Amino acid sequence: ATGDMEDMTVLDAHASRYPIGGEVQAYAEGDAAELIFSWEAEGEGDLLMMALPHHMDVLDEPVVVDHVHNTIKGDMVGVVADRWVLNESLTTIEWSSPAGVDPVRESALRDALAADVGLSVWASDTYFGGKELALLGRQALIADELGEVDLAASYRANLATAIEPWLDPSGDGRLVYDETWGGVVPKGGIDDPGAAFGAGYYNDHHFHYGYFIYAAAALLKEEPEWLGVGGEAMMHLIRDIANPTDLDTNYTYLRNKDWFVGHSWAAGLFAFGDSRNQESTSEAVNAWYATYLYGLAIGDERLRDLGRLLLATELRSTWTYWQITSDSDIYPSPFADNKVVGVLWGTKVDYATFFGSNVEFIHGIQMLPFTPISELLLRPEWIEEEYPILETALGSPTLGEGWRGFIVMANGILDPDLAWADAETLGGYDNGNSRTNTLYWLATRPR
């Protein structure tokens with residue numbers, strides 16, 4: 001075909017120069033960053049490389065040629081350059097939601113905050129325990145915003161008591177350093193690959209430790225002296241998931257992040273027929289948001305901006321490859337009709353989760369935990385299209401209250417008043433959520 005001949009002509013024109021390596025650099029100034037891919041190449045002529053859809057959204061002055069290659073992530077297009085500059089905006093959302101609390105809802109929110117003061121940490125594994133630690137930090141931050149000084153102090157005292165045993169190497173050694181692969185792992189996970197969702201074998205580290213880092217950031221925001229207690233241990237967790245240099249001989253470079261595809265990978269030392277994978281984009285977003293907040297809390301601008309750039313690329317890839325709207329051409333029908341990817345692999349996508357195929361699982365795992373950064377993650381244009389599918393779960397007799405709470409919170413993006421009324425009927429919450437956080441989310445939706 002004529003098109004095939006033209007395509008071969010383009011490839012022939014660039015065949016004499018080919019890549020043999022590359023380098024990634026990043027620079028931040030103010031609320032903007034440049035992510036730079038410098039390709040190392042040999043041969044004569046112009047270097048032809050292929051760009052993914054999310055690259056094209058932010059690639060500075062791309063020289064595009066007429067060559068397209070279809071992949072699991074949509075059409076890659078040919079770009080001629082030895083150096084790519086990707087321009088990313090860095091979020092300015094910090095500890096609180098931008099819109100602030102609706103004064104009409106404030107009294108009920110204060111009541112919930114006082115009633116939830118007995119929240120504690122019961123789980124003993126890094127995932128569920130991390131979620132509960134982060135929730136205490138979330139409660140403290142809401143108390144800060146409401147000016148509830150005593151309640152904020154109470155939540156932080158509970159949080160410090162709960163998190164310090166995890167970080168104390170002289171204690172029961174809940175977390176240990178693994179010299180074989182160079183990372184922090186749950187002690188019991190070394191001998192049991194299935195413990196803590198495989199965290200001992202490096203599954204989901206950014207999910208788990210992101211919760212710890214968020215909790216510590218919330219603690220340090222008002223109690224900077226705690227840095228002397230837990231700061232060294234927390235930096236080990238940050239280095240485990242987001243070490244930005246290959247000069248650190250104790251931790252690998254950015255263990256979970258893939259700069260080229262933009263998103264993170266969650267699989268550890270397990271072999272899969274479909275290569276690497278990531279399920280929960282929202283918990284990946286939470287990890288980089290937490291890293292950003294931790295840098296903010298301790299006054300480390302480089303760590304703050306590393307977190308913000310990791311966050312920016314995670315968001316962009318999530319919007320492109322997990323959240324499906326009518327404007328998206330990444331996936332064909334009927335898969336696109338689901339409006340969301342449950343698990344994205346190297347060679348396929350699933351409308352499912354590792355823990356079940358319930359609709360609320362598939363959609364909800366791309367939403368939790370709800371924090372101020374969820375306002376960027378959960379775009380109204382996506383929620384408007386996916387919610388009619390998600391709400392079908394409300395008719396399921398097996399729907400748990402924790403998952404129903406997340407459905408209510410998702411609807412808060414579309415109809416905060418109706419969602420508020422539905423929230424009043426909730427009889428329980430996910431262990432990383434609370435009545436306070438549910439009402440806060442609904443009370444801060446833009447109107």
field: Accessible surface of region 310-447, 1.4 Å probe, proportion on carbon and sulfur as whole %
entry: 54
- line: Summing -39500 (n - 2.57) over every DSSP H run of at least 4 in the chain, dividing by its residue total and rounding to the nearest 500, the 222 nm mean residue ellipticity is -13500 deg cm²/dmol
statement: Within region 258-276, the residues whose backbone N lies under 12 Å from a label point placed 7 Å from the Cα of THR71 along the Cα-to-Cβ direction are 259-263
task: Based on the mean of other Cβ atoms within 10 Å per residue, sort peptides 359-371, 185-197 so the most packed one is first.
output: 359-371, 185-197
field: Reach of LYS257 by Cα under 12 Å, taken over aspartates and glutamates that are not fewer than 8 positions away in the same chain
entry: ASP204, ASP240, GLU314
FRET efficiency estimate (nearest 0.05) - Cβ-Cβ, ASP274 to TYR177, R0 35 angstrom: 0.70
- prompt: Sorted by packing (mean other beta-carbon atoms within 10 Å per residue), highest first, where do 283-296, 28-41 land?
  reply: 283-296, 28-41
- line: At R0 = 30 Å the Cβ-Cβ FRET efficiency linking THR161 and GLU94, nearest 0.05, sits at 0.70
Average Cα contact separation per residue, region 210-361, under 8 Å, 6 or more apart, as relative contact order %: 22
query: Dividing the Cα radius of gyration by the Kirkwood radius, what Rg/Rh value follows for the chain?
result: 0.98
- line: Quarter of the surface of the C-alpha convex hull for region 139-221, i.e. direction-averaged projected area in nm², equals 6.1
message: Going by Cα centres, region 414-437 and region 135-169 are how many Å apart?
response: 22
query: Under unit Cβ charges (Lys, Arg +1; Asp, Glu -1), what dipole magnitude, rounded to 20 debye, does the chain have relative to its Cα centre?
result: 960
Karplus-derived HN-Hα couplings along region 53-69 (A = 6.51, B = -1.76, C = 1.60, θ = phi - 60°), whole Hz, x at Gly and Pro: x, 5, 5, 5, 5, 10, 6, 6, 6, x, 9, 9, 10, 7, 9, 10, 10
task: Pull out the extension gain between TYR27 and THR398, defined as 0.36 nm times the separation in residues minus the alpha carbon to alpha carbon distance; nm, one decimal.
output: 128.7 nm
- request: List the residues whose amide H sits under 5 Å from the amide H of ALA352, counting only those 5 or more places along or on another chain, with H placed 1.01 Å from N in the peptide plane.
  value: GLY342, VAL343
task: Express the C-alpha Rg of region 25-134 as a ratio against the empirical globular expectation 2.2 N^0.38 Å, rounded to two decimals.
output: 1.79
Loop chymotrypsin sites (Phe, Trp or Tyr not before Pro), region 84-152, which have at most 10 other Cβ atoms in a 10 Å radius of their Cβ (DSSP): TRP122
message: Show me, for region 31-41, the HN-Hα J-couplings you get by feeding each phi into the Karplus relation (A = 6.51, B = -1.76, C = 1.60, θ = phi - 60°), rounded to Hz, glycine and proline as x.
response: 10, 9, 9, 10, 9, 10, 9, 9, 8, 8, 9
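The values are calculated or read from the model by the stated rules, or taken from the named source; none is laboratory data. Given the structure is predicted, the values throughout are model-derived calculations rather than measurements. Methodologically, a virtual Cβ is constructed for each residue, glycine included, from the backbone with ideal geometry; neighbour enumeration extends over all protein chains shown. Keep in mind that these areas ignore ligands, DNA and RNA; they rest on the heavy atoms of the full protein, side chains included. Shrake-Rupley method; radii C 1.70, N 1.55, O 1.52, S 1.80 Å.
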